[in-house]
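Below is one structure, written out as structure tokens; comments come after it.
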Amino acid sequence: MSERNYWQRMRSNQLSRRSLLRASARAGVGAAGLALVGCGDDDDDNQQTAAQAEPDQQAEQQAQVVQQQEASQQEQQAAVAQAQSSGGPKRGGNVRIVMSDGGIFDPAIAIHGGTYAGVHQIYDWLNYLDEGFVITDGMAELPEVVDELNFVYTIKPNVFWHDKPPLDGRQFTAEDAVFGLERFGFDNPEFVFKDRFSLIDKFEATDELTMRVQAKEVFSPILSAIAEDNMLMVSRDAVDAFGDGAISTDFEAQIGTGAMMGASREPEVELRLERNPNYYKEGQPYFDGYVGLGLVDDAIRIAAFVNGQTDFLNYQWFGRPVDLDSARAELGEDAVTGVANPVTYGMATHIHCEVEPYTDPRVRTAVHLATDREQLIALSLGELVIGGPIAVAIAPYGRTEDELRQLPGYRSGDLRQEDLAESRNMLDAAGVDLGGFPPMDIWAPDASDYAQVLQQNLREVGIDIGINELTTADALAARQNREFSMVMLGQQGASDPDLLYNDLHTTGGQNYGNFSNPEFDALVEKGRSVFDVQEREAIYNEAQDRLLNEWNPRLYWSWSTVIVAFRSYLKGFRPTPGPTASNAILWGMWFDEVPDGAA
Amino acid sequence: MRAYVFRRMLLLPITVLLLSIFVFGLIRLVPGSVIDARLSAGFPGTADADDRAKLEAHFGLDKPVHIQYVNWIGQVFSGDLGTSWLTKESILDNFGRRMPVTVELLVLTLLIYIPLGIGTGVWSAVRQNRADDYSIRFVTILFLAIPNFWLATLVVVIPLVLWGYAPPLPYQQLWEDPGKNLIQMIVPAVVAALAGAAVLGRVARSEMLEVLRQDYVRTAYAKGLAARIVVTRHALRNTMIPLITLIGLVFATGVAGSVIVEQVFAIPGMGRYLVQSLLTNDLPVVQVWMLIFGAAFVLVNLLVDLSYGMFDPRIRFQ
């Protein structure tokens, strides 16, 4: 609940008025570049637990999940009830959304939110992550936890494929679920999530509607891995009928079980989806259809929204507070609703721990202490919030801004002066040549301003560091190839604190700075083997404390704020957490009144 | 003239071949690759050398560069433009769908650019040092100075703020709804034409001023011909050689301008295709795009050279 309050506070505090012209003058190409880098769904094993090892813990854990889910459902019901005062959920209308699907549809390949927001409305999940990263039943009930290695999913009996050949509206079965999940691991070089289930021994259909999942070893994020937003079910029949490649590129091959069915698609122009009359959520979706408009430039996107040609201002990753301000300035405060969406990507500075002078943890900690987060965040016009190693949205593990502001390196005023003094002491102790720091690589132009602030911060403790501006592709390549000393880039998202394993474990795939510390490794290894939330919280608290106080292999400073803005005649919006800000849950929304053009 | 044209046409494939080598090499000098982008932006959790090697083999990047080039150019000359690395769609199909959109934009741009540029230039010259001349010179310099991406943004934002107007969406094909299509295309065409027209106007003015000082113009006036006749029949034709060269160049500037204009106005043409492909390191598309427009530019230049003879009979092609 505190997390929800946090986001509500963000919504109310961070937004300030700015002119439409100012917002529109921001370059669209830059935004597209940002989107391409920032929206990547990159975590392999970032999951939140919903189960326990021991039977009593299992029961407790299940109860917690159910409780969270019930709370979540109560909120949704409250929202519905509130809307019912103005007539309740109504069916009808075609919701009009700005989108760009990028031409890749296969959930095993697609890596950006554009597709999730568009074509992926056709597909659905067994379970999905609802607000607060709560694992929620979808086409399957919440899993029965047999033991810490075995989980049983029961498919709901009223889930049907779309009524199109070759599926022809047949029942979605456990065999389908097995295929849908196993497909992510198929030997296709383009399948980017293939190691998601590397710790799964097997998926097995034990009867028509029951699937058993058996893990090779204890892996607590397993259930949220199955519920993450890319885990959409593709059918074997469609793959056989159209070919594996067609699932990625052929709109006609997109046949799922989702709330919407494909109607037509003109690349980069318009995507039309129509209501699935046999959707398993009874009475839903409320919209008759979905119209996605391919607009990439900020000016035309805002103009189309203000002018009434779209219902969402910034449906995908473009949820900038400044855009909401602009729209409200034109349409009035009440005409536009802005909802903070918990996402887990941001900006960070990767430090290469095997490059001098960063081999010495005291130097890295000195850099951490000298960094002025307030200054850095101020440049983002509300798009970023101060962050630590785990995104604040991943409750209860992520630390809030208020909590972080109490910590060395995050403090301001006199306390910051103390941090700077400590930073200088550490540099003295390390005996480094302050003028001999290699230049930091940055992702230009997106990170240029931030880099200049960091450069000034470091000068306060005597470090003279240059800036090496790189294109997006070059910066990514430098990071991927570990050819950097310090690089400022996007911070990949996750839905579980296990992201630290991937980021910083000696064998972690995103351990770009080659950080290696046996104590840290032991902590995150333990974290992924424990199901109990409190025990995990203690583990990850210790990991975060020691990262910030002793090791500092990465300079953490921000996570993103996404404000999803839409016309206030739309009701029932539900923010969707996740690494991609995909906002894929549309089935519960409706038009309180259908505007012209949306009928 | 036939021999001249024949010689120029013979040079065309050689020029295109050299262009293809240049384009192929240049793109590979750009830092980063589709492999890095996939591994970094995708799911790098366990990406290792093996994953990289598989992806390189998948995209044919595991072969030496010269082999990659020979394979690619052989494919292109056999009529197969290849497929996009990103969407796996046929590049030829994409060009077929997008080219008419960009051609329409270019034609509209030319229809605005030529009369506006020449008209203002001639008018300004004829009315030299009068109020309308000063006004035209001020406006042309203004449009020369304004970047077209900013102008495009203003053209969207100002009507919205003043009248709540935004261009109708989504994009409509010309043959489906000509009226709506024209409404959607005319503003981008004006934006694309204005900067070019300003240049054309400046050149037309200076050329016209020079011609108006020639003896044969003075003679025409002395014969008692009306000023309109003198300007249009005697003077204008003799200013056309440099203007034709400029108009030929508008093909290149128009294509370059379409990259920005199509982005801003959500027009699904070739310019937007290029931007999208560049952002995603979709090299096959970028290569073919640059090759085709390079070859087209060579052809346009040939046509421009040939047209000189129409305006100046003294020019002989040998």
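The values are calculated or read from the model by the stated rules, or taken from the named source; none is laboratory data. Just so it is clear, the model here is predicted, and its values are computed rather than measured. Glycine gets a Cβ as well: all are built from the backbone with ideal geometry, and neighbour counts include every protein chain shown. Just the protein is used for accessible areas: all its heavy atoms, side chains included, with ligands, DNA and RNA removed. Shrake-Rupley method; radii C 1.70, N 1.55, O 1.52, S 1.80 Å.
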| task | Enumerate by residue number the GluC sites (Glu not before Pro) in region A:283-356 meeting two conditions: DSSP loop (anything except H, G, I, E, B), and at most 14 other Cβ atoms within 10 Å of the site's Cβ. | result | A:Glu354
| Long-range HN-HN contacts of A:Arg91 with modeled amide H, under 5 Å | none
| request: Diagonalise the Cα gyration tensor of region A:343-560 and give the resulting equivalent ellipsoid semi-axes, square root of 5 times each eigenvalue, largest first, whole Å. | output: 25, 19, 18
| task | Just name one of B:Leu279, A:Ala378, A:Asn158: the one whose Cα is farthest towards the positive end of the charge dipole of the protein assembly as shown (beta-carbon charges, Lys/Arg +1, Asp/Glu -1). | result | B:Leu279
| Based on DSSP, what percent of beta bridges with both residues in region A:343-560 are antiparallel, to the nearest 5? | 65
| field | Relative contact order [Cα under 8 Å, 6+ residues apart], region A:127-176, whole percent | value | 22
| field | Table column - 3J(HN,Hα) (Hz), region A:210-220, Karplus curve with 6.51, -1.76, 1.60, x for Gly and Pro | value | 10, 10, 9, 10, 10, 8, 6, 8, 5, 8, 5
| Computed FRET efficiency, Cβ-Cβ of A:Leu415 and A:Glu542, R0 22 Å: what is it to the nearest 0.05? | 0.40
| task | Using only Cα atoms, locate the centre of region B:285-318 and the centre of region A:369-395, then give the distance between them in Å, rounded to an integer. | result | 55
| note | For A:Ser529 and A:Glu356, extending 7 Å from Cα along the Cα-Cβ vector and measuring point to point gives, in nm, a value of 3.9
| remark: For the table A:Lys90/A:Lys164; A:Lys156/A:Lys194; A:Lys90/A:Lys281; A:Lys202/B:Lys54; A:Lys164/B:Lys88, the rows whose alpha-carbon distance is greater than 20 Å are A:Lys90/A:Lys164; A:Lys156/A:Lys194; A:Lys202/B:Lys54; A:Lys164/B:Lys88
| field | Listing of region A:437-478 residues, each with accessible area lower by at least 40 Å² in the full protein assembly than in the chain alone (probe 1.4 Å) | value | A:Ala473, A:Leu476
| Convex hull volume of the Cα atoms in region A:124-244, per residue, in Å³? | 106
| message | Defining a contact as two alpha carbons under 8 Å apart and six or more residues distant in sequence, what relative contact order in percent does region A:343-560 show? | response | 37
| note | Taking the dipole of the protein assembly as shown about the Cα centre (Lys, Arg +1; Asp, Glu -1; charges at Cβ), the one of B:Ile267, A:Gly431, B:Ala53 that reaches farthest to the positive side is B:Ile267
| request: For A:Lys164, list long-range residues whose amide hydrogen, built 1.01 Å from N in the peptide plane, is under 5 Å from its own amide hydrogen. | output: A:Gly169
| message | Quick query: amide H of A:Leu384 versus all other amide H atoms, modeled in the peptide plane; which residues come in under 5 Å with a sequence gap of 5 or more or a different chain? | response | A:Thr561
| request: Return the ratio Rg/(2.2 N^0.38 Å) for region A:409-517, where Rg is computed over Cα atoms only. | output: 1.19
| request: Treating only the Cβ atoms of Lys and Arg (+1) and Asp and Glu (-1) as charged, compute the dipole magnitude of region A:343-560 about its Cα centre; round to the nearest 20 debye. | output: 120
| Accessible area buried at the A-B interface, both sides summed, 1.4 Å probe (Å², nearest 100) | 4500
| note | With label points set 7 Å from each Cα along the Cα-to-Cβ direction at A:Val218 and B:Ile27, the distance between them in nm comes to 5.2
| Dipole in debye (nearest 20) - region B:93-311, about Cα centre, beta carbon charges: Lys, Arg +1; Asp, Glu -1 | 820
| For the protein assembly as shown, what is the convex hull volume of the alpha-carbon atoms per residue, in Å³? | 187
| note | With T = 10 °C, eta = 1.306 mPa s and Kirkwood Rh from C-alpha pairs, the Stokes-Einstein D of region A:238-334 in µm²/s is about 101
| query | P(r) for region A:501-599: what percent of alpha-carbon pairs falls in each 5 Å bin, starting at zero? | reply | 2, 10, 15, 14, 13, 11, 8, 8, 7, 6, 5, 2, 0
| message | Tell me the carbon and sulfur percent of the accessible area for region A:124-244, rounded to whole percent, probe radius 1.4 Å. | response | 46
| message | Over region A:124-244, what is the relative contact order in percent, taking alpha-carbon pairs closer than 8 angstrom and at least six residues apart? | response | 30
| remark: Among residues of region B:72-90, a drop of 10 Å² or more in 1.4 Å probe accessible area, assembly relative to the chain on its own, occurs for B:Leu86, B:Thr87, B:Lys88, B:Glu89
| query | What's the FRET efficiency of B:Asn71 with B:Val161 using the Cβ-Cβ distance as r and R₀ = 51 Å, to the nearest 0.05? | reply | 0.45
| field | Of the chymotrypsin sites (Phe, Trp or Tyr not before Pro) in region B:249-318, those whose Cβ has at most 16 other Cβ within 10 Å and which sit in DSSP loop | value | B:Phe317
| query | Heavy-atom accessible surface, probe 1.4 Å, ligands and DNA/RNA ignored: which residues of region A:229-276 lose at least 40 Å² versus the isolated chain? | reply | A:Thr249, A:Glu266, A:Pro267, A:Glu268, A:Val269
| For the protein assembly as shown, what is the accessible area per residue in Å², given a 1.4 Å probe and the full set of protein chains? | 38
| remark: Note, region B:185-196: 3J(HN,Hα) by Karplus (6.51, -1.76, 1.60, θ = phi - 60°), whole Hz, Gly/Pro = x, goes 8, 5, 5, x, 5, 4, 4, 5, 7, 4, 5, x
| query | Expressed in nm², what is the orientationally averaged projection area of the convex hull enclosing the Cα positions of region B:114-232? | reply | 10.0
| query | Using a basic spin-label model with each label point 7 Å from the Cα along Cα→Cβ, how many nm lie between B:Arg127 and B:Leu92? | reply | 5.4
| Who wins for biggest fluctuation among B:Asn238, B:Asn94, B:Asn129 in a Gaussian network model of chain B, springs between alpha carbons below 10 Å? | B:Asn129
| said: Please report the equivalent ellipsoid semi-axes of region B:83-145, computed as sqrt(5 x eigenvalue) of the Cα gyration tensor, largest first, in whole Å. | reply: 42, 12, 6
| request: Could you rank the peptides A:550-558, A:426-434 by their average count of other C-beta atoms within 10 Å per residue, with the highest value first? | output: A:550-558, A:426-434
| task | Just add up the charged neighbours of B:Val156: K/R +1, D/E -1, any other residue whose Cβ is under 10 Å from the Cβ of B:Val156. | result | -1
| remark: Of the convex hull drawn through the C-alpha atoms of chain B, the volume per residue in Å³ is 184
| Per-residue average of Cβ from other chains inside 10 Å of B:133-146 | 0
| remark: Candidates B:Val30, B:Val187, B:Val285; GNM for chain B (alpha-carbon contacts under 10 Å) flags as most fluctuating B:Val30
| field | Loop sites in region A:361-465: chymotrypsin sites (Phe, Trp or Tyr not before Pro), DSSP, at most 15 other Cβ within 10 Å | value | none
